[in-house]
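Just below is one structure, and these are the notes that go with it.
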Amino acid sequence: MIRRVDVALRMELAASPIDRSLALFEAAVMARCAASPTQVAGRVRASAQRPHRLATVGEQQEQGLLIEFTSVAAARRYVAAIAPLAPDAHVETRQLGCRHQYEVHQVTVPSRFEPMISNRLRRAWQASAELLLDEGRSVHAPKREAIARAAWRAALLVVGPGRGVACIRLRLADLRAVDLLLRSAALLGLPAKAQRRPGGYVVSIDGVDAVERLLDEAGGLSRRAVPA
């Protein structure tokens with residue numbers, strides 16, 4: 001059941017209409033949610049020295065490989081989000097492992113586009129994150145709520161719901177993504193919390209009602225919409 005909820009949810013989220021004003025922000029959140037602890041540590045060390053590549057699930061970075069995900073729905077959504085910047089971006093699926101095989105879905109672009117895309121996504125992250133924190137002007141309220149929904153949609157696409165319909169557990173390595181999700185949940189009136197765990201953090205939302213509200217806000221499936 002949990003697997004069915006996970007796959008159905010991600011496919012529904014990937015098919016949600018894209019708000020072009022938030023598409024690059026959503027892609028930036030996806031990149032941070034996909035980062036491993038090793039990549040986050042390396043990114044912190046490198047940030048003061050030179051522009052860094054986008055985070056990926058794997059440890060090896062190849063020319064033209066922008067990012068990779070464990071979910072094909074996430075990869076397709078990411079491609080759709082960055083399409084105006086990189087119309088040649090596409091998804092390549094690879095099977096890895098020996099005894100226990102698994103798939104990764106890589107988003108590749110012509111290597112000359114990588115610095116430009118990285119720069120644009122960083123700018124989109126910064127602009128939307130700052131607006132999310134701006135509580136001083138009520139005129140921003142609808143936009144801030146849209147940012148909060150986009151952040152959770154991106155996280156659910158990349159990480160998946162974790163425990164299914166009664167609670168959500170997102171394992172993340174990037175502390176800034178964790179903070180963004182907590183602030184987004186608070187803005188939407190959702191009871192999220194975070195706990196430190198080996199290798200990163202777990203962001204959780206408990207209770208069927210709260211999970212249904214989150215999935216509705218993110219544009220996904222409610223529990224009642226998923227077949228048993």
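The values are calculated or read from the model by the stated rules, or taken from the named source; none is laboratory data. From a predicted model like this one, the values you see are computed outputs, not experimental measurements. For neighbour counting, all protein chains shown are included, and Cβ atoms are generated from backbone atoms with ideal geometry for every residue, glycine included.
List pairs: first in region 147-158 and closer than 9 Å to V29 by Cα and assigned to a helix (DSSP H, G or I), second of a type in the set (D, E, K, R) and at pLDDT 95 or above, Cβ under 6 Å, 6+ apart or cross-chain?
Correct list of pairs: A150/E26; A154/E26.
Restricting to region 142-179, name every residue that is touching an Asp or Glu at 6+ places or on another chain (Cβ under 6 Å), surrounded by fewer than 24 Cβ atoms within 10 Å (Cβ to Cβ) and modelled with pLDDT of 95 or more.
Answer for region 142-179, where residues must be touching an Asp or Glu at 6+ places or on another chain (Cβ under 6 Å), surrounded by fewer than 24 Cβ atoms within 10 Å (Cβ to Cβ) and modelled with pLDDT of 95 or more: just R149.
Looking only at region 2-30, which residues are of a type in the set (A, V, I, L, M), modelled with pLDDT under 95 and in a helix (DSSP H, G or I)?
Hits for region 2-30 are I2, V5, V7, A8, L9, M11, L13, A14.
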